[in-house]
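Just below is one structure, and these are the notes that go with it.
The values are calculated or read from the model by the stated rules, or taken from the named source; none is laboratory data. Being a predicted model, the structure only gives us computed values, none of them experimental. Note: ideal-geometry Cβ built from the backbone for every residue, glycine included; neighbour counts use all protein chains shown. Surface areas here come from the heavy atoms of the whole protein model, side chains and all, with no ligands, DNA or RNA. Shrake-Rupley method; radii C 1.70, N 1.55, O 1.52, S 1.80 Å.
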Amino acid sequence: VNDLTNKGIRLLGGLRGDIGDFSWESAVLWNESKRNDATSGFLYLPTLRTLVTQNRSLASLAADPTLARTVTNKGTASIFQWDGKVSGEFGKLAGGAIGVAAGAEYRKEKIDITPDEANARGEILGLATTAVKGSRDVESGFVEVRLPFLKNWEVEAAGRVDKYQGLDAKFVPKIGTKWNVTNSLAARASYSEGFRAPAVSQVSPGGAQFFLNQI
């Protein structure tokens with residue numbers, strides 16, 4: 001019998017406004033998820049081994065209330081995030097005003113996966129488990145510029161820097177262009193780079209049990 005409960009809380013608040021020709025906005029987010037997984041009916045190894053160590057009968061073992069065990073695994077994950085950005089226009093090219101945007105972000109990620117104590121000790125028959133507990137800070141910043149060189153041709157350039165705790169800062173560039181050949185035909189081209197950061201569960205202290213089958 002399995003009883004699985006997931007609970008989530010999400011709070012978000014923000015502000016926005018204008019300063020001259022520029023607009024700004026900022027927000028704070030807190031999100032937390034909790035998981036409680038209780039499963040009954042697993043065999044408890046210390047009791048099961050008494051079949052051999054105490055020469056018990058199967059009937060005696062089956063009647064033992066400690067033979068079956070309820071396993072409860074718990075987990076919590078949370079994110080606290082703040083971000084702010086500003087955008088607007090300044091100057092002028094042949095195709096119009098130059099557009100610019102910039103922003104920054106801070107994020108705190110936490111994870112805590114706590115297995116059942118008996119399961120973590122390897123006392124549940126045929127059931128592996130995972131334990132993880134850790135947190136990290138993530139800091140990011142970006143800048144975007146739109147350059148309308150002509151009425152029918154513009155270039156957009158952007159750059160983003162991400163700093164994950166324990167890792168070197170990563171810079172990601174992007175550049176694109178759009179050419180309106182006619183009122184009904186446009187051509188686009190772009191180039192960008194990217195990277196994949198490991199999940200917080202992959203860089204946090206913990207351990208895992210597993211079974212190795214050999215033939």
Cubic angstrom per residue, convex hull over Cα atoms of region 1-127: 143 Å³
The chain: C-alpha gyration tensor shape, a/c 1.5 cut-off, then a/b vs b/c: prolate
Accessible-area order (highest first, 1.4 angstrom probe) of the listed residues ARG160, ARG196: ARG196, ARG160
Among GLY13, GLY91, GLY126, residue whose mean-square fluctuation peaks in a GNM of the chain (springs only between Cα atoms under 10 Å): GLY91
Identify, among PRO205, GLY91, SER40, the residue whose Cα sits farthest towards the positive end of the charge dipole of the chain, taking +1 on the Cβ of Lys and Arg and -1 on the Cβ of Asp and Glu, with the dipole about the Cα centre. SER40
With a probe of 1.4 Å, find how much accessible area region 110-215 has per residue, and write the answer as a whole number in Å². 70 Å²
Tell me which of PRO65, GLN81, VAL28 sits at the most positive position along the dipole axis of region 17-90, charges placed on C-beta atoms (Lys, Arg +1; Asp, Glu -1). PRO65
Could you state the accessible area per residue of region 1-84 in Å², with a 1.4 Å probe and every protein chain left in place? 70 Å²
For the table LYS34/LYS174; LYS7/LYS174; LYS85/LYS170; LYS85/LYS133; LYS92/LYS163; LYS74/LYS108, the rows whose alpha-carbon distance is greater than 27 Å are LYS34/LYS174; LYS7/LYS174; LYS85/LYS133; LYS92/LYS163
Please give the calculated 222 nm ellipticity per residue for the chain, where each DSSP H segment of at least 4 residues contributes -39500 (n - 2.57) and the sum is spread over every residue; nearest 500 deg cm²/dmol? -1000 deg cm²/dmol
Net dipole in debye of the chain [+1 Lys, Arg Cβ; -1 Asp, Glu Cβ; about Cα centre; nearest 20]: 260 debye
Looking at region 120-215, which chymotrypsin sites (Phe, Trp or Tyr not before Pro) are DSSP coil and have at most 12 other C-beta atoms within 10 Å of their C-beta? PHE195, PHE210, PHE211
Taking all protein chains as present, what is the carbon and sulfur share of the accessible area of region 4-145, in % to the nearest whole number, probe 1.4 Å? 57 percent
